[in-house]
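Working notes, beginning with the structure itself.
The values are calculated or read from the model by the stated rules, or taken from the named source; none is laboratory data. Computed from a prediction, not measured in an experiment: that's the story for all the values here. Positions of Cβ are generated from backbone atoms using ideal geometry, with glycine treated the same way; all protein chains shown enter the neighbour counts.
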Amino acid sequence: MILTVHALVGAAIGSKIHNLWIVSIVSIIIHFLLDRLPHRDYGPDKKWKNLSRGRLLFFGSQIFIDFLIAVSLTYWIIVFLPSSGRYILVGVFFSLLPDGFILLYHFNEIFFKKQIKILKKYYLFHYANHIPENKNPLVPGILIGGLLIIISIFLILH
Ligand SMILES: [Zn+2]
């Protein structure tokens, strides 16, 4: 699922729950639950190290733009709801963190050509949590992403 969706869901959690521990735990759990829904991710599921430089740059810039959108939306939500600011920030952080480790895994694999055992284990766990590619139709994936954005914005505004 794209980072913007995860971030908005995290912001919605932070806007509703004003306890930093609960926000952190709920955000992480919801991340893994959302990953079980049909959705699109960046790049191929495996073997990023075998991609050409051009493909890597393409996926890398998509992820970077997505991250910039997530960060700027978070900024504007906090400006809109300053009293929930730190809960929103923590919600967004812990909603993105599970994918942050995945990026770290790919980054390490591509640039340092070595495996960190625990990171690999985590990567396989995160991967297994997703539905298989052949049961991941494009249109429902996009609709679910759009619906999650709408629900999150609704929760943040109300
Ligand atoms: Zn994930």
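How many of the residues making up region 144-158 are exposed (fewer than 15 other Cβ atoms within 10 Å of the Cβ) and over 15 Å from the mean Cα position of the chain (by Cα)? Of the residues in that region, 6 qualify.
Residues of region 8-47 that are over 11 Å from Phe93 (Cα atoms) and touching a Gly at 6+ places or on another chain (Cβ under 6 Å): Ile13, Pro38, His39, Arg40. When the residues of region 34-58 are filtered to those that are within 16 Å of the ligand (Cβ to nearest atom) and in contact with a His (Cβ under 9 Å, 6 or more places away or on another chain), the one that is nearest to Glu109 (Cα to Cα) is Trp48. Of the residues Ile63, Ile118, Ile88, the single one that is more than 14 Å from the ligand (Cβ to nearest atom), out of contact with any strand residue (DSSP E or B) (no Cβ under 6 Å at 6 or more places or on another chain) and in contact (Cβ under 8 Å) with a residue 60 or more places away in the chain is Ile88.
Each residue in region 44-68 was checked for being surrounded by 14 or more Cβ atoms within 10 Å (Cβ to Cβ) and of a type in the set (Val, Ile, Thr), and 1 of them qualify.
Checking region 72-83 against the condition returns a match, with at least one residue being more than 20 Å from Ile17 (Cα to Cα) and either away from the ligand (no atom under 15 Å from the Cβ) or under 19 Å from the mean Cα position of the chain (by Cα) (or both). The condition (being surrounded by fewer than 15 Cβ atoms within 10 Å (Cβ to Cβ), within 15 Å of the ligand (Cβ to nearest atom), among the small types (Gly, Ala, Ser) and in a helix (DSSP H, G or I)) is satisfied by just one residue among Gly141, Gly100: Gly100.
Number of residues in region 1-33 that are modelled with pLDDT of 95 or more, farther than 15 Å from Ile77 by Cβ and within 13 Å of the ligand (Cβ to nearest atom) equals 6.
Within region 103-115, can you find the residues that are assigned to a helix (DSSP H, G or I) and in contact (Cβ under 8 Å) with a residue 12 or more places away in the chain?
Here is the first cut: in region 103-115, the ones assigned to a helix (DSSP H, G or I) are 103-111.
Leu103, Leu104, Tyr105, His106, Glu109, Ile110 - these are the residues of region 103-115 that are assigned to a helix (DSSP H, G or I) and in contact (Cβ under 8 Å) with a residue 12 or more places away in the chain.
The single condition among (1) more than 17 Å from Asn129 (Cα to Cα); (2) crowded, with 18+ Cβ neighbours inside 10 Å; (3) at pLDDT 95 or above that Trp76 does not meet is (2).
Selection of region 128-138 for residues being over 12 Å from Arg36 (Cβ atoms) and within 16 Å of the ligand (Cβ to nearest atom) yields only Glu133.
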